[in-house]
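A.B. asks: The following block contains the structure, expressed as structure tokens.
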Protein chains: 2
Amino acid sequence: MSQYQPPIADIAFALEHVVGYPDLAKLPGFEHADLETVVELLEQCGEFMAEVVAPTNRRGDTEGSRLLPGGAVVTPSGFKEVYQQYVDAGWGSVPLPEEYGGGGFPRTVGLVIQELMTSANMAFSLCPLLTQGAIEALLHYGDDALKQRYLPKMISGEWTGTMNLTEPAAGSDVGALTTRAVPRADGSYAITGQKIFITYGDHDMADQIVHLVLARTPGAPEGTRGISCFIVPKFLINDDGSLGERNTVQTVSLEHKMGIHASPTCVLSYEDATGYLIGEENLGMRIMFVMMNSARLGVGVQGLAVAERAYQQSLAYAQERRQGRAIGASGTSSAIIEFPDVRRMLLTQRAHLAAMRYLMLLDASYVDKSTHDPDPAVRARAAEIVGLLTPICKSFGTDLGNELTSLALQIQGGMGFIEETGAAQHVRDIRIAAIYEGTNGIQAADLVGRKLGIRGGASVLEFIATMRELETELSQAGPEFGSIAAELGRQFDALEEATHWMLRTGATDPNAALSGSTPFLRMWGLCTGAWMLARAALAAAATNDAALAQSQLVLARFYAEQLLPASAGLLGAATAGSHDLFGLDAHQLAGVASPRIRI
Amino acid sequence: MSQYQPPIADIAFALEHVVGYPDLAKLPGFEHADLETVVELLEQCGEFMAEVVAPTNRRGDTEGSRLLPGGAVVTPSGFKEVYQQYVDAGWGSVPLPEEYGGGGFPRTVGLVIQELMTSANMAFSLCPLLTQGAIEALLHYGDDALKQRYLPKMISGEWTGTMNLTEPAAGSDVGALTTRAVPRADGSYAITGQKIFITYGDHDMADQIVHLVLARTPGAPEGTRGISCFIVPKFLINDDGSLGERNTVQTVSLEHKMGIHASPTCVLSYEDATGYLIGEENLGMRIMFVMMNSARLGVGVQGLAVAERAYQQSLAYAQERRQGRAIGASGTSSAIIEFPDVRRMLLTQRAHLAAMRYLMLLDASYVDKSTHDPDPAVRARAAEIVGLLTPICKSFGTDLGNELTSLALQIQGGMGFIEETGAAQHVRDIRIAAIYEGTNGIQAADLVGRKLGIRGGASVLEFIATMRELETELSQAGPEFGSIAAELGRQFDALEEATHWMLRTGATDPNAALSGSTPFLRMWGLCTGAWMLARAALAAAATNDAALAQSQLVLARFYAEQLLPASAGLLGAATAGSHDLFGLDAHQLAGVASPRIRI
């Protein structure tokens, strides 16, 4: 297994030249986070993740987390010590508010830190990721007392957080949950119920775990409107801030999963556990969406991060492994990187990774603009763009996570299928990312059902118009950009056609629109990816680094000519409507309607 | 985990109406294998596989095969007994020559048996599959003494076979192998070397294991021209046919793999082991291709078979799992099969599975024609078609195996990621199929480098012309076939364009042709799949079964309108040449050419 190399140079280029980080750093509150400071910080972070965290990855997979009799969870050997180093270094606090001890850096920087940590060890990274979701919920909706009590230690990482949404009968349909919260005289609530799929629901890396739990109060409305959100600490907190007695939340079991073995996925049982309401009653779904929206981009980044590490490994293997002789090569054997089909697998990974990274950083930069730009109109537009890009980043990013890690494994042939090489672990680990924080199908429904209709469709059409401005720029930039401009033009035409179809159809036949939502989202992923690579190619051409300009041009052209045309190939599926999808009944789907030959 | 339901009705329809089995059964030698007999046989076989073999699948995964101190391999509990039942029932011998105790049924029937067995338990099925490869090598190249000595017990299944090709430095490049074979005075050879990735290289299910081993004799030419093929039995055989002393082949270790845990993947060490030459010296590669070509279609079927079982499980889950309320539905919750995006995932699986099954059975029927048709011209043309279709079936079939099992897992959401449900096992098991028996990249190179040039391209162009005859038929068959005809026309145009480009380019710039080989192969997979489904829809319309006609029409139309257009979307990638693939050097691929900001 090859060493992980943090792609800081790629990231620095993206920040400086592709997503306009220097302008972002000029926003009020980010003055201390100028580009040079940030890149230096990220270099150090990359070093920490590569040298301290990355070596725990394979061990985490083979050992896994274990549930001891009595209900305590033990993480794989070394995790506790590494987590302590992570807390001491303060990596988790960088993008969080200075008011509670954070670094006050942009979310964009936080996202890069998350990429580096996830490449190093995805299962490990889930603990800080979930903590961050809980922090954001508290920041937005907690009252001062809750914030003062919980945020400093959560932001430092001394305490970790969880998100308790799912129940056996309430997965994607959160509104079906049945956990109860009964008010007590002292203002707290008694929480009773069972939650499943709770990531780091218990562990030994921190003294305290802060559960955010969705539950229903007595007489609350049915469905999603009657859900409230509570803080339920693993240990009650004394008035002096020290940890008191154990709250009545217990780990019942751990799941045996396909991947992320080191991350304990808990079934938690709450029995009259003491909880504290966040905000008001029945605000639970709104709070959940704060946690979710932050987490969704983070999950998209997981696809990027794990695929990046898998790619590096496959590239190293392709350079080392000698097998056969490539056409035109001399000597008795060639490194397999000289074979065109291996090149295709490498370049496909490299181009998708670059496109994804640029797109996700762009999304994150709009998150920062939506919170920090002084102009309310800019903030509002930025929030719209975040709403549009986030389901794309989550869904396309994690689909590619699956596809690219599989390509990386394929390059390693039979060795890739052997667990010791680590290629299989990447495939197994990332498989969950297309499922959790809202399945990718739910992301597609979110895009079509919620995001498209904003301002009667004007929001999304404006975004397409912005993307299309690049066609002119490319046409004027020189003949080497000609094929990129032409292909972008063709593909944006198809994307516009699909978008108009969706806007028309969604209004009258939402089921027909939803029927095409997944291919439609992929069209968006391919088009925005190609757009970002073309932007990067133009930006690189404007530097005086010829190798960089060449590199970005090749990536943009390869993507535009060879990967992007799949987008128009999805137009038929995106706009076919629901007729054939519902054309077979369950018997016909099972194949039993075929004639059985009678003997 | 839901029970496996053998899709006999689908298969019977395919045999009778889609691939012309009734005519095949009229060929000399197959008279006893008429359609009714065959379907009855397959019903029984399906019952055996579903009731006896399928229940061992999950246990095989969790227990795995183990290597005992001393070098003996133990298969998971129950495997030995189930294998004995398999031998007693004679399922392995059905398609093999009657002369040695086989059933003399067409290969087409054997392929169905293999599908059913692989759906039941892929890891188990590998033992008979490898045995069959060894049998075919012996049938084609063994002398009478070897055949008489080995074939009857291998065909009955009492003895199993292996294929020993790979060495640590000789994977895809078989010519690099170094295992030595030194002739002895008695006519046998002393075999010395190490082989890796030997499936069922040792196990406890049979008394004898017959290794087919590739090795070099002294003074043999370098590379593939100097390879010979030997039989090396685990136990030497006494003159009376009884088993004698242990041969000097030892299992050194077992691989720890991502999937097919029950299948022991052995490192075998040969030290002066006694071997017997098959055919003549230096015929090894030719013999290997006999084994491989038979096995390659079989590996394609693995993709189909595992995806079929995964599909059945996801369909059952989608009918049972209630979550949220579908648009227009009444009640408090809907089964998730009512959601359009879940329907898309189901129908995508169902349509690909039907297309793959038809295509593979068609390929198998040409195998039978190539061996049994009395007309030498028909035999020759059939062999050409087998050569064309086999890399497509292997590569597209196993790529779809990966993609469809992943869709099946996705439908099951978080539960799919939990190992107990079995969805993850299908994903893990099938991942190897795109790698072994020639990676899918090698299949694509075979298509472009060998198969396309046959008769100066006439062979493949004739096949396209045959496919295009269906356009007229569809246009005349009624308006409901109109969109299928139109889309097939568009896509065949693109396929022809790519094929002509490949024929032109391959002659002058083979590297450029190879650069597009993988997308080109996928275009073939999609086009032949759509063609088979359209044939099936026409055939079903000619029956008087309205539900069947409706079902096949929907599948054909969904595939043509919604899946097939991806094919033309690959035209750019297929015909882009090698320029951009080789446009980045290793440094640029690693991303280090980007400017590092100096602080």
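The values are calculated or read from the model by the stated rules, or taken from the named source; none is laboratory data. Note that the structure is a prediction, hence the values are computed from the model and not measured. Cβ coordinates were reconstructed from backbone atoms using ideal geometry, including for glycine residues, and neighbour counts include every protein chain displayed. Keep in mind that these areas ignore ligands, DNA and RNA; they rest on the heavy atoms of the full protein, side chains included. Shrake-Rupley method; radii C 1.70, N 1.55, O 1.52, S 1.80 Å.
A.B. asks: Out of A:408, A:377, A:383, report the one residue that is touching a residue at least 24 places away in the same chain (Cβ under 8 Å) and either in a helix (DSSP H, G or I) or buried (at least 22 other Cβ atoms within 10 Å of the Cβ) (or both).
C.D. replies: A:408
A.B. asks: Which condition breaks for residue A:232 when tested against (1) within 14 Å of another protein chain (Cβ to nearest Cβ); (2) under 21 Å from residue A:134 (Cα atoms); (3) part of a strand (DSSP E or B)?
C.D. replies: (1)
A.B. asks: Identify, by number, the condition in (1) in contact with a strand residue (DSSP E or B) (Cβ under 9 Å, 6 or more places away or on another chain); (2) open to solvent by 10 Å² or more (accessible area, probe 1.4 Å); (3) within 14 Å of chain A (Cβ to nearest Cβ) that residue B:223 doesn't meet.
C.D. replies: (1)
A.B. asks: Taking region A:362-374, which residues are open to solvent by 10 Å² or more (accessible area, probe 1.4 Å) and hydrophobic (A, V, I, L, M, F, W, C)?
C.D. replies: Matches in region A:362-374: A:367 only.
Conditions (1) surrounded by 15 or more Cβ atoms within 10 Å (Cβ to Cβ); (2) in contact (Cβ under 8 Å) with a residue 24 or more places away in the chain; (3) under 22 Å from residue B:365 (Cα atoms); (4) among the β-branched types (Val, Ile, Thr), marked per residue:
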site	(1), (2), (3), (4)
B:17	yes, yes, yes, no
B:30	yes, yes, yes, no
B:62	no, yes, no, yes
B:79	yes, yes, no, no
B:82	yes, yes, no, yes
B:89	yes, yes, no, no
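A.B. asks: A follow-up question, please. Looking at this structure, is residue B:449 open to solvent by less than 40 Å² (accessible area, probe 1.4 Å), part of a helix (DSSP H, G or I) and touching a residue at least 24 places away in the same chain (Cβ under 8 Å)?
C.D. replies: Numbers: open to solvent by less than 40 Å² (accessible area, probe 1.4 Å): no; part of a helix (DSSP H, G or I): yes; touching a residue at least 24 places away in the same chain (Cβ under 8 Å): yes.
In short, no.
A.B. asks: Turning to a different aspect of this structure: Consider residue B:190 carefully, then state whether it is away from every other protein chain (no Cβ under 14 Å) and part of a helix (DSSP H, G or I).
C.D. replies: The answer is no for residue B:190.
A.B. asks: Taking the condition of being open to solvent by 10 Å² or more (accessible area, probe 1.4 Å), within 7 Å of chain A (Cβ to nearest Cβ) and free of Cβ contacts under 8 Å to residues at least 12 places away in the same chain, how many residues in region B:536-561 meet it?
C.D. replies: Residues flagged as open to solvent by 10 Å² or more (accessible area, probe 1.4 Å), within 7 Å of chain A (Cβ to nearest Cβ) and free of Cβ contacts under 8 Å to residues at least 12 places away in the same chain within region B:536-561 amount to 2.
A.B. asks: So, one more: Inspect region B:294-314 for any residue being open to solvent by less than 20 Å² (accessible area, probe 1.4 Å), under 24 Å from residue B:172 (Cα atoms), modelled with pLDDT under 95 and touching a strand residue (DSSP E or B) at 6+ places or on another chain (Cβ under 7 Å) and give the result as yes or no.
C.D. replies: no
A.B. asks: Scanning region B:32-50 for residues that are facing chain A (nearest Cβ under 9 Å) and either in contact with a helix residue (DSSP H, G or I) (Cβ under 6 Å, 6 or more places away or on another chain) or at pLDDT below 95 (or both), which turns out surrounded by the fewest Cβ atoms within 10 Å (Cβ to Cβ)? Steps first, please.
C.D. replies: So in region B:32-50, the residues facing chain A (nearest Cβ under 9 Å) come out as B:35-37, B:39-40, B:43.
Imposing the further condition that a residue be either in contact with a helix residue (DSSP H, G or I) (Cβ under 6 Å, 6 or more places away or on another chain) or at pLDDT below 95 (or both) reduces the set to B:35, B:39, B:43.
On the way: B:35: 15, B:39: 23, B:43: 18.
So the residue we want is B:35.
A.B. asks: Any residue at all in region B:388-404 that's at pLDDT 95 or above, closer than 24 Å to residue A:413 by Cβ and open to solvent by 40 Å² or more (accessible area, probe 1.4 Å)?
C.D. replies: yes
A.B. asks: Identify, by number, the condition in (1) farther than 27 Å from residue A:303 by Cβ; (2) surrounded by 23 or more Cβ atoms within 10 Å (Cβ to Cβ) that residue A:145 doesn't meet.
C.D. replies: Here residue A:145 meets the rest and fails (2).
A.B. asks: Continuing with this model, one more query. Going residue by residue through region A:273-287, is there one that turns out to be assigned to a helix (DSSP H, G or I), open to solvent by 10 Å² or more (accessible area, probe 1.4 Å) and either modelled with pLDDT of 95 or more or among the hydrophobic types (A, V, I, L, M, F, W, C) (or both)?
C.D. replies: Yes; the residues of region A:273-287 include at least one that is assigned to a helix (DSSP H, G or I), open to solvent by 10 Å² or more (accessible area, probe 1.4 Å) and either modelled with pLDDT of 95 or more or among the hydrophobic types (A, V, I, L, M, F, W, C) (or both).
A.B. asks: Further question: Please report, ordered by residue number, the helices (runs of 4 or more DSSP H) entirely within region A:1-91 with at least 2 residues that are over 21 Å from residue A:311 (Cβ atoms).
C.D. replies: A:21-24, A:35-48, A:57-63, A:79-89
A.B. asks: For the structure I just gave you, tell me whether residue B:185 is out of contact with any Cys (no Cβ under 8 Å at 6 or more places or on another chain), outside any helix (DSSP H, G or I) and under 30 Å from residue A:325 (Cα atoms).
C.D. replies: Judged against the criteria, residue B:185 is not a match.
A.B. asks: Next question, about the same structure. Suppose the filter is away from chain A (no Cβ under 14 Å) and under 27 Å from residue B:566 (Cα atoms); does residue B:362 pass it?
C.D. replies: So residue B:362 fits the description; yes.
A.B. asks: Just to be sure before I move on: is residue A:95 open to solvent by less than 10 Å² (accessible area, probe 1.4 Å) and within 17 Å of residue A:297 (Cα to Cα) in the structure I sent?
C.D. replies: no
A.B. asks: Is it the case that residue A:242 is closer than 20 Å to residue A:205 by Cβ, open to solvent by 20 Å² or more (accessible area, probe 1.4 Å) and over 32 Å from the mean Cα position of the chain (by Cα)?
C.D. replies: For residue A:242, the condition - closer than 20 Å to residue A:205 by Cβ, open to solvent by 20 Å² or more (accessible area, probe 1.4 Å) and over 32 Å from the mean Cα position of the chain (by Cα) - is met.
A.B. asks: Hey, can you tell me all the residues within region B:73-111 that are of a type in the set (S, T, N, Q) and within 30 Å of residue B:250 (Cα to Cα)?
C.D. replies: The answer is B:75, B:77, B:84, B:85, B:93.
A.B. asks: With the checklist (1) more than 7 Å from chain B (Cβ to nearest Cβ); (2) surrounded by 23 or more Cβ atoms within 10 Å (Cβ to Cβ) in hand, flag the one item residue A:591 doesn't pass.
C.D. replies: (1)
A.B. asks: When only residues in region B:245-272 that are open to solvent by 40 Å² or more (accessible area, probe 1.4 Å) and touching an Asp or Glu at 6+ places or on another chain (Cβ under 8 Å) count, which is farthest from residue B:433 (Cα to Cα)?
C.D. replies: B:248
A.B. asks: With the requirement that a residue be under 27 Å from the mean Cα position of the chain (by Cα) and β-branched (Val, Ile, Thr), what does region A:178-224 give you?
C.D. replies: If the condition is that a residue be under 27 Å from the mean Cα position of the chain (by Cα) and β-branched (Val, Ile, Thr), then A:196, A:198, A:199, A:209, A:210, A:213, A:224 are the ones that fit.
A.B. asks: So, in region A:510-533, how many residues would count as being of a type in the set (Val, Ile, Thr) and open to solvent by less than 10 Å² (accessible area, probe 1.4 Å)?
C.D. replies: Narrowing region A:510-533 to residues of a type in the set (Val, Ile, Thr): A:518, A:528.
Narrowing further to those that are open to solvent by less than 10 Å² (accessible area, probe 1.4 Å): A:528.
Qualifying residue count for the region: 1.
A.B. asks: Also, quick follow-up: Take residue A:377 and tell me if it is of a type in the set (A, V, I, L, M), over 20 Å from residue A:11 (Cβ atoms) and out of contact with any helix residue (DSSP H, G or I) (no Cβ under 9 Å at 6 or more places or on another chain).
C.D. replies: Here the answer is yes, as residue A:377 does meet what is asked.
A.B. asks: For residues in region B:562-588 being at pLDDT below 95 and more than 7 Å from chain A (Cβ to nearest Cβ), which is least open to solvent (accessible area, probe 1.4 Å)?
C.D. replies: Top of the filtered list is B:585.
A.B. asks: Could you list all residues from region A:317-355 that are of a type in the set (Asp, Glu) and either open to solvent by less than 10 Å² (accessible area, probe 1.4 Å) or facing another protein chain (nearest Cβ under 8 Å) (or both)? Lay out the reasoning, then the answer.
C.D. replies: Taking region A:317-355 first, the residues of a type in the set (Asp, Glu) are A:320, A:338, A:341.
Selection gives A:341 alone.
A.B. asks: Something else: Any idea which of A:185, A:176 is over 25 Å from residue A:309 (Cβ atoms), within 14 Å of another protein chain (Cβ to nearest Cβ) and open to solvent by 20 Å² or more (accessible area, probe 1.4 Å)?
C.D. replies: Details: A:185 fails: within 14 Å of another protein chain (Cβ to nearest Cβ).
Only one candidate qualifies: A:176.
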